[in-house]
Amino acid sequence: MSTGEANSDDPALIQRFCAGDEQAFATLVRTYQSLAHAVAWRITARQDLAADVVQEAFLRILRHRENFDPARAFKPWLLQIIRNLAIDALRLTRRHDEATAETGAVTVDPGVSLDAAETRARVAQVLGLLPEKYREILVMREMEGLPAEEIAERIGVEYATTRWRLHEARRLFRNAWLARFGAEEGVTHG
């Protein structure tokens, strides 16, 4: 954890942000911009969408800062907004991505190998096919690495229900992957 992140949930900083302090907001953006982009990229598998999602998330946070409860942690609020916007962006671009995939074109981040970019694009396509309650829980667990206990708390359901939904999300993802891409070497489906 960076020093900036450790200070980002400082109650005084959060209070200043909620009161409209631009420097406090700038500190929060600097602290969380990389994490927000990483989460958006993992969901969308597209650099352009991830950048748009992050920008829109911070704009929404700025516009709706009065709705934020300063007693709560900032990071979970931000990441929930990022997840929601990324999933929405994925929905809006699904048809375009499918048409692009049919022509053989792949959107590639220059810093990522073609195989990794193609796999991320495929994961994003399959995630886009899942019902939202399963997609959300799978992203939180598998991409953000959150424990089931924390996921249960965030989505407001019992731990056992969360574990069942996670199991079901993995099953649905596996079935959708197999239906769309078949079994491939190097891809774990378990």
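Among 171-178, 52-59, sorting by the average number of other beta carbon atoms lying within 10 angstrom of each residue, highest first, gives 52-59, 171-178. Computed from label points 7 Å out along Cα-Cβ, the spacing between A148 and R163 is 0.4 nm. Our Cα-only numbers for segment 130-190 put the radius of gyration and Dmax at 12.3, 38 Å. A dipole drawn for segment 24-90 from +1 and -1 charges on Cβ atoms has a positive end, and of T31, H64, A89 the residue lying farthest that way is T31.
As a proxy for reagent exposure, ranking L79, L28, L129 by other Cβ atoms within 10 Å from fewest up yields L129, L79, L28.
Each reported figure results from applying straightforward, stated rules to the coordinates on display, with no laboratory input. Note that the structure is predicted; figures quoted are calculated from it, not measured. Using ideal geometry, Cβ is built from the backbone for each residue, glycine included, and neighbour counts are taken over all protein chains shown.
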